[in-house]
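Enquirer: Let me give you the structure first, and then I'll get to my questions.
The values are calculated or read from the model by the stated rules, or taken from the named source; none is laboratory data. Keep in mind that this is a model prediction, so the values were computed, not measured. For neighbour counting, all protein chains shown are included, and Cβ atoms are generated from backbone atoms with ideal geometry for every residue, glycine included. Note: accessible area is taken over every heavy atom of the protein model, side chains too, but ligands, DNA and RNA are not part of it. Shrake-Rupley method; radii C 1.70, N 1.55, O 1.52, S 1.80 Å.
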4 protein chains.
Amino acid sequence: MNTFGNIFKLTSFGESHGVAIGGVIDGCPSGFELDLDMIQAELDRRRPGQSHIVTQRKESDTVQFLSGIFEGKTTGTPIGFIIENDNQKSKDYSHLKEVYRPSHADYTYDQKYGHRDHRGGGRSSARETAVRVVAGAIAKQLLASKDIIISSYVRSIGHLELKIPLEDIDLSKIDSNIVRCPDEQMAKEMINLVELVRKDGDSVGGVIQCQVKNCPTGLGEPVFGKLHAALGHAMLTINAVKGFEIGSGFAGAQSRGSAQNDIFENLDAGISTQTNNSGGVQGGISNGQDIYFNVAFKPVATIMQDQKSIDKDGNEVKVQGRGRHDPCVLPRAVPIVDAMAAMVLLDYYLLNRAHQF
Amino acid sequence: MNTFGNIFKLTSFGESHGVAIGGVIDGCPSGFELDLDMIQAELDRRRPGQSHIVTQRKESDTVQFLSGIFEGKTTGTPIGFIIENDNQKSKDYSHLKEVYRPSHADYTYDQKYGHRDHRGGGRSSARETAVRVVAGAIAKQLLASKDIIISSYVRSIGHLELKIPLEDIDLSKIDSNIVRCPDEQMAKEMINLVELVRKDGDSVGGVIQCQVKNCPTGLGEPVFGKLHAALGHAMLTINAVKGFEIGSGFAGAQSRGSAQNDIFENLDAGISTQTNNSGGVQGGISNGQDIYFNVAFKPVATIMQDQKSIDKDGNEVKVQGRGRHDPCVLPRAVPIVDAMAAMVLLDYYLLNRAHQF
Amino acid sequence: MNTFGNIFKLTSFGESHGVAIGGVIDGCPSGFELDLDMIQAELDRRRPGQSHIVTQRKESDTVQFLSGIFEGKTTGTPIGFIIENDNQKSKDYSHLKEVYRPSHADYTYDQKYGHRDHRGGGRSSARETAVRVVAGAIAKQLLASKDIIISSYVRSIGHLELKIPLEDIDLSKIDSNIVRCPDEQMAKEMINLVELVRKDGDSVGGVIQCQVKNCPTGLGEPVFGKLHAALGHAMLTINAVKGFEIGSGFAGAQSRGSAQNDIFENLDAGISTQTNNSGGVQGGISNGQDIYFNVAFKPVATIMQDQKSIDKDGNEVKVQGRGRHDPCVLPRAVPIVDAMAAMVLLDYYLLNRAHQF
Amino acid sequence: MNTFGNIFKLTSFGESHGVAIGGVIDGCPSGFELDLDMIQAELDRRRPGQSHIVTQRKESDTVQFLSGIFEGKTTGTPIGFIIENDNQKSKDYSHLKEVYRPSHADYTYDQKYGHRDHRGGGRSSARETAVRVVAGAIAKQLLASKDIIISSYVRSIGHLELKIPLEDIDLSKIDSNIVRCPDEQMAKEMINLVELVRKDGDSVGGVIQCQVKNCPTGLGEPVFGKLHAALGHAMLTINAVKGFEIGSGFAGAQSRGSAQNDIFENLDAGISTQTNNSGGVQGGISNGQDIYFNVAFKPVATIMQDQKSIDKDGNEVKVQGRGRHDPCVLPRAVPIVDAMAAMVLLDYYLLNRAHQF
């Protein structure tokens, strides 16, 4: 299942160390003038080597478009694209051919498929998410033309969490630092923590929050295409994601209805709610308030420490920590969360048009 | 989008106070002898009026099968079924025709569809989940024939949380009390809390945990059909659900890779992992360990207190708390979580067969 | 695969002699006032016993709507409906339980599913098409509100074929006779032929032509959702259909490009083509000209003559011709062709809306 | 809609004169050793310039695989591939930018999408079918490993038709001549006819017949996924196809049930039918007999004669016949019919596995 979406659809292909990764975007509206630089800029936000707190692997991550764009504008036909793998010659993976690294997908891919490309994680590598960033960047541009703005940022790393209220977060500062937390002081602490973790040869998880501004009412397709279910599904397909919550989420589950209910009011600017514990979605349909949700990333499985494991034949082996790794994947995952959110919202925007008979 | 699944598919229809709700199950394997009593028993676990801590509405929730079963066994053709609505004559909803109840779907349905059945929430009512329970009960039976067992229970209500380790939970005791928490002492405390909340005319949320035993390796379809993404999607389509986490989830996101990684070992019983922070899924594919995940339910929006709101014309109105409601939906939601989990697992079991060329 | 369509979707269930047949229509636009009498009228056009040249089986074919319609208008939520089987008590089918009737689906269903409802053909019975007629009648009403008119008629039975040019066919006369051929003289000949065939205890096939007037340009989704491919697929799912051709079809394949090409011209009424060998579709997209296509029905397999066959154990048996049958299914198939065409066109109309960003 | 299939899925992209065309095959079973030369050989059967009776355009049509194959075997992950367009620099198409060629897709694409790549037909060019041949060649290899053999050949061109019985056709001779008709004498006549047509600057249509040997019973998914409906849909998505019939098809529609019914018999080799008017499919499911069907191709719209037409602004223009064209597309379409048939059969083979619980 390598196709995502209903009307605006991405089909993804490619292994970490194959010839190339790439994708096909089907169902993109026609006649839209694309900003190709913006697409590359989003890829650069995900790219290895962008700062000293992420992996130092070298990948240029240059996207080449093959179809679906003519004279700078979309034609409504499929947009095919590839990103070549600079790193595809990789003798240094042969020692992992038969080994099942802890909490990686080596074992499960072998169980399911029998035959796999083990180099750099193959298809299970997070390298695949670069494809999503391309499609998501296009979706973001289309949404932006309707004033729908998607902004994700690092909300927590390890035990460090930015706890200020939603409305006090300055989303314009997300890219003002290398960890992508829009609070200067917290960003410093997070960077320090990641450096510490790296020195330990370890990894650390965290939470990314995504906010969507100016989403119109009516997006979402009950009962199995509820908007937050589609968003949750999208986020949970991102490598290392283990949790999703919308609005007040798990914390709200501890409280009472009288405290959680969002009271409607009719303001000059239109119908609004006094609070937004619903996170902008009620009954699976957007209600015009800001959408916000949290995405939990586990610490990445690759660490620079020796670990026990087994090989293909069941023998006990030692997996050595070596190579280049991300001590914390959160900063690079911000554009991926953006991308998946943008694809869902554009897809549901287009689905909602199909009902307007 | 009222169809769920890829191979084993449920299409659901019906409003809370229409003639009937019902569904069509497509893709059910043929020749399987169904236990119809077990299906009704699962419906009874979801039924209103089953205990004094749930809504006292009267609904018999009797399922009638119309097709797809012949001489007691499935034929592989669609299984159509209906559940009549006993409550369909409902003058007492006319006062809500023009009113948008706080944190309900009244407003969003009106925005999306323009015209809606307002009685009892119409299509957005959780009554629709009875249909899922029927399909889920069938899926549970098929899975059980392969020894795959699904068990959900109430893990927390409000601030009360059952914190004992997974392996110490006695899943055979889930139905030993009316709140469906398999710990006698905690169940008592939870029941007390729900009674207190009801006296306050309020509602309270909580968390249901689901465990899947004996799931074979290989279920899950990367990259967009990862098993936990399918489970998360399924859970987030249930009314009042606002969060999902698998394995160590949000808590794991705070920790380090060296603590989170699950070390493989080759035991006499086969390949296993020393810990199970992954929750039985790695790279989106089941690894043979127990699958477990948490589902966060917000407190239900209907409370027995007066609340401010607006009507269809934007006028401020008072929504009166009256009628019969669930102070806490968790006990009745346990079979719904079971049902959605069962549908996902059976669907992915069948999908995985399609690859075995 | 009992769901049809992309946006406007029908899920169908039911066996010929089960409790009921029925369906769920998902994705119907909301706020549309339905004419329920027209739906029943379309069912009556398909109903057994409507004239002396069709089967004399008794079925009232009364549709009951269970959901999705409120105060006479669609709500955008699924429209569930059932049609009870009056004929479900059927001792007289026990002799066919183990027998494979020639050119029926008995053998293939047994091979695929192992266990089947043999009574009256079970799921493979054309009775299932009544469900399609309900959904198609709704689609026809929606299309008619946009001036898109679908008209099918019997073009040939056996060797008798109405050969007058498209523009000379008076579509208002389709229902002026029991055989549904809009030419008085040809209709008489066809009725005589069917009567003759019935006296012989035999059956006879034929061709239905469908015409679509006022279809806007732009419907069709290249490359795998070409409009005529969707129409062809739809028609080929109807029982007894063995062929489909659009525009000049098989005859056009014998001729030359210089004769087949449709020359564009700019008339006062808009862009048009001098001829319409394309049948209103070019490159898989409607071009605004009338759409027309032919559907070939084989003679139905049930005949009133003794035939040799085998039973489940491979023994040779004699299948006796007895009971009530259709000597020619064409007159009753006209509303089915209408229905499938209407579902496709409405679905593609809505899909096309989804692109209009 | 540029994705085809349910389990074995092809997503196609690319314009005739863009950078490249290509595709992604999702759901291919893993561990299968691919014969890459055979894939290229199938492409060569479709390639321009292969003989003097087809277009003399130059395209090398070399496929490059980017993913999904490791050490020569499929990995079960998506197989991405591209075919570069040698012809992409094309000044000579500027005269067609604003012109709507008769019976081409220029006008309909413009109506639907507003903005299009006009060069060489852009997305509507039959060049896109090269992508299908790659995926179909892979499907053919998988099917062949189960002894399922697909063979298409040219049955008629213009008024010339090979009328010998099915069992007398020597399928091994399909590629013994350049027109791909497995009868030496008829092939000569066809070649002469095509040469004549070319001299006239005209084009001519025809019919391809496809036969499938050794198809197991049980393939097909009633009621909307009937095997012949899926095949019909597949064929009708091929450029220039206007008709499809299975078994006795349109001719059978003229005859009687007593002549059409296929009588079952139990032979030493297993259950069989005395005739095969059903074309190997009954009730939408394969019955183990040979599957055969006909596909009607109109004469291609490009002819070397001047034609009247209009331009984008509605002005009358003259379209000049110039360049390189196929006077008859049938010989090159044979591998395309093979490819689509193979994709359908493999897909339904895998779907059928999913039911075997």
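Enquirer: Taking a label point 7 Å from Cα toward Cβ, how far is residue B:318 from its twins in the other copies, in nm, shortest first?
Expert: Counterpart label points of residue B:318 in the remaining copies fall at 7.6, 8.5, 8.6 nm.
Enquirer: In this model, which of B:73/D:226; D:188/D:308; A:73/D:199 are farther than 30 Å apart at the alpha-carbon?
Expert: Pairs exceeding the cut-off: D:188/D:308; A:73/D:199.
Enquirer: Mind checking which of C:319, C:131, C:207 has the largest fluctuation in a GNM of chain C, springs on alpha carbons under 10 Å?
Expert: Its mean-square fluctuation being the largest, the pick is C:319.
Enquirer: Holding the Cα-Cα limit at 28 Å, pick out from C:112/D:140; C:9/D:146; A:140/B:112; C:298/D:213 the pairs that are longer than that.
Expert: Over 28 Å apart, Cα to Cα: C:9/D:146.
Enquirer: With +1 on each Lys and Arg Cβ and -1 on each Asp and Glu Cβ, and nothing else charged, work out how big the dipole of chain A is about its Cα centre, in Debye to the nearest 20.
Expert: Rounded to the nearest 20 debye, it is 920 debye.
Enquirer: Let me ask you something else. Using a label point 7 Å beyond Cα on the Cα-Cβ vector, give me the inter-copy distances for residue B:33 in nanometres, one decimal, shortest first.
Expert: Nearest to farthest, the other copies are at 4.6, 5.6, 7.1 nm.
Enquirer: Another question, if that's okay. Might you report the magnitude of the Cβ-based charge dipole of the stretch D:138-285 about its Cα centre, with Lys and Arg at +1 and Asp and Glu at -1, to the nearest 20 debye?
Expert: 400
Enquirer: Oh, and also: Distances in nm, one decimal, shortest first, from residue A:185 to the same residue in every other copy, taking the label point 7 angstrom along Cα→Cβ.
Expert: Result, one decimal in nm: 4.1, 9.7, 9.8.
Enquirer: Among C:37, C:183, C:326, which one moves the most in a GNM of chain C with springs linking Cα atoms closer than 10 Å?
Expert: Among C:37, C:183, C:326, the largest mean-square fluctuation in the Gaussian network model of chain C belongs to C:37.
Enquirer: Can I ask one more? State the answer as a single residue: which of C:160, C:34, C:222 lies farthest towards the positive end of the charge dipole of the stretch C:3-355, with beta carbon charges of +1 for Lys and Arg and -1 for Asp and Glu, about the Cα centre.
Expert: Working it through, the farthest residue towards the positive pole turns out to be C:160.
Enquirer: Most fluctuating residue of A:11, A:237, A:302 in a GNM of chain A with Cα springs under 10 Å: which is it?
Expert: Most flexible of the set in this elastic network: A:237.
Enquirer: How about the stretch A:1-48: which GluC sites (Glu not before Pro) there lie in a loop by DSSP and see at most 15 other Cβ atoms within 10 Å?
Expert: Loop-located and lightly packed - none at all.
Enquirer: Mind pulling the per residue volume of the convex hull built on the Cα atoms of chain C? Å³ is fine.
Expert: Residue-normalised Cα hull volume stands at 155 Å³.
Enquirer: Specify, for chain B, the residue whose C-beta is closest to the rotation axis mapping it onto chain A, with the distance given in whole Å.
Expert: Axis relating chain B to chain A; nearest Cβ residue and distance: B:233, 2.
Enquirer: Which of the trypsin sites (Lys or Arg not before Pro) found in the stretch C:257-329 are loop residues per DSSP with 10 or fewer other Cβ atoms within 10 Å of their Cβ?
Expert: none
Enquirer: Turning to a different aspect of this structure: Using Cα positions and a limit of under 19 Å, work out the aspartates and glutamates in reach of residue C:312, with same-chain residues fewer than 8 apart set aside.
Expert: Those aspartates and glutamates meeting the cut-off are B:71, C:92, C:98, C:106, C:110, C:117, D:262, D:265, D:268.
Enquirer: Now for a separate question. Which helices count as membrane-span-like in chain A under these terms: full DSSP H, at least 18 Å along the axis by C-alpha, Kyte-Doolittle mean of -0.5 or more?
Expert: For chain A, where a helix must reach 18 Å along its axis and average at least -0.5, the hits are A:129-144, A:184-199, A:330-355.
Enquirer: Continuing with this model, one more query. Which FRET efficiency value, to the nearest 0.05, do you get for residue B:171 and residue C:38 by plugging their Cβ-Cβ distance into 1/(1 + (r/R0)^6) with R0 = 35 Å?
Expert: After rounding to 0.05, the efficiency reads 0.05.
Enquirer: OK, next. Nearest 100 Å² is fine: what is the total accessible surface buried where chains C and B meet, probe 1.4 Å?
Expert: Counting both chains, the buried surface is close to 3000 Å².
Enquirer: Counting helices only, and only those DSSP H runs with n ≥ 4, report the 222 nm mean residue ellipticity of chain D as the sum of -39,500 (n - 2.57) divided by its residues, in deg cm²/dmol to the nearest 500.
Expert: -8000 deg cm²/dmol, from helical runs alone.
Enquirer: With unit charges on the beta carbons (Lys and Arg positive, Asp and Glu negative) and the dipole taken about the Cα centre of the stretch A:200-357, which residue among A:267, A:315, A:348 sits farthest to the positive side?
Expert: Going by the Cα projections, it comes out as A:315.
Enquirer: I've got another one for you. Taking the Cα centre of the stretch A:64-126 as origin, sum charge times position over the Cβ atoms of Lys and Arg (+1) and Asp and Glu (-1), and report the length of that vector in debye to the nearest 20.
Expert: Value, rounded to 20: 120 debye.
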